[in-house]
1. Could you check the simple spin-label distance between Glu22 and Arg54, using points 7 Å along Cα→Cβ, in nm with one decimal?
2. Net charge around Cys16, counting only other residues with Cβ within less than 13 Å of its Cβ (Lys, Arg = +1; Asp, Glu = -1)?
3. Which whole number in µm²/s is D for the stretch 11-59 by Stokes-Einstein, with the Kirkwood Rh taken over Cα pairs at 10 °C and 1.306 mPa s?
4. Quick one: which residues, 5+ away or cross-chain, put their amide H under 5 Å from the amide H of His37? H built at 1.01 Å from N.
5. If the chain between Asn47 and Glu32 were fully stretched, how many nm would it gain, using 0.36 nm times the residue separation less the Cα-Cα distance?
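Just so it is clear, none of the values below were taken in a lab; they were calculated from the coordinates. Fair warning: this is a prediction, and the values are worked out from it, not measured in the lab. Here the Cβ is made from the backbone with ideal geometry for all residues, glycine too, and neighbour counts use every protein chain on show.
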Amino acid sequence: MRASAYGDRMVSCSLCGATADEPPLTWTRSVERGATHYYCDACSRENVRAMESRLDAEWF
Ligand SMILES: [Zn+2]
């Protein structure tokens with residue numbers, strides 16, 4: 001039995017809705033309470049910046 005080769009791994013960015021046929025390496029995968037979310041490279045950058053500023057706030 002063959003799994004369908006196309007579309008199974010389709011992902012979409014949880015923030016901006018961008019889609020890709022499979023999760024690109026530049027995307028960030030996040031598992032929250034059993035649900036998998038993907039963030040595209042642009043949104044990942046925004047996320048990292050937000051996380052870093054949060055860390056900064058805790059560290060200083
Ligand atoms: Zn995005």
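1. 3.1
2. Values: positive: Arg45; negative: Asp41, Glu46.
Its environment carries a net charge of -1.
3. Details: Rh = 11.4 Å.
In µm²/s, the coefficient rounds to 139.
4. Distant-sequence amide H within range of His37: Ser30, Val31, Glu32.
5. Working: separation 15, 0.36 × 15 = 5.40 nm, distance 1.48 nm.
This chain segment gains 3.9 nm when fully extended.
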